[in-house]
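In what follows, a single structure is set out as structure tokens and then discussed.
The values are calculated or read from the model by the stated rules, or taken from the named source; none is laboratory data. Since this is a predicted model, take the numbers as computed values, not measurements. Backbone-built Cβ (ideal geometry, glycine too); neighbour counts: all protein chains shown.
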Amino acid sequence: MSAIVDMHCHLDLYPDPVRAVKTIAASKEYVLSVTTTPKAWRGTAKLAAGCPRIKTALGLHPQLAKERRGELALFDRLLPEARYVGEIGLDGRPACVSSWNDQVHVFEHILSSCADHGGRILSLHSRAAASEVLNNLGQRSAE
């Protein structure tokens, strides 16, 4: 029997996340539950407590970078507890262009923080920005 793996799930955004966790546990699926803000990480991780097949990632979604860049200090405080990081990245769609500089700042900060802590498993957002995301990753690996 093969296992089902969902490597990008916003568990905390489900209408009934507790029920979703029970369904995942019963089905023996593996899930990477990504968060959109550092403030959401602890609560989302708590939802999955006792379900070892659900891993919770510490994230700051690029669409929220402008409004939530003030949470980078919290991100840095939580990072030692998090093996997984996501959802992070860049969104180059026209609707997100006004926050581009904030997105780049947040993404570069998170990549540097992860490198400083020995690396992490990342879940990346790269909508209309794949080249820029890969360039940032390449710069970090060259450092």
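Quick notes
- Test: residue in the range 87-95 that is farther than 21 Å from Q139 by Cα and either at pLDDT below 95 or out of contact with any strand residue (DSSP E or B) (no Cβ under 8 Å at 6 or more places or on another chain) (or both): yes
- Of residues in the range 52-77 being buried (at least 18 other Cβ atoms within 10 Å of the Cβ) and hydrophobic (A, V, I, L, M, F, W, C), the one farthest from V104 (Cα to Cα): I54
- Of the residues making up the range 18-41, those that are among the hydroxyl-bearing types (S, T, Y) and either without any contact (Cβ under 8 Å) to a residue 24 or more places away in the chain or assigned to a strand (DSSP E or B) (or both) are T23, S27, Y30, S33.
- Per-region count, the range 83-125, residues basic (K, R) and surrounded by fewer than 17 Cβ atoms within 10 Å (Cβ to Cβ): 2
Let's see how each residue does on (1) aliphatic (A, V, I, L, M); (2) under 18 Å from M7 (Cα atoms); (3) more than 15 Å from the chain's Cα centre (by Cα):
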site	(1), (2), (3)
V34	yes, yes, no
A48	yes, yes, yes
D116	no, no, yes
S123	no, yes, no
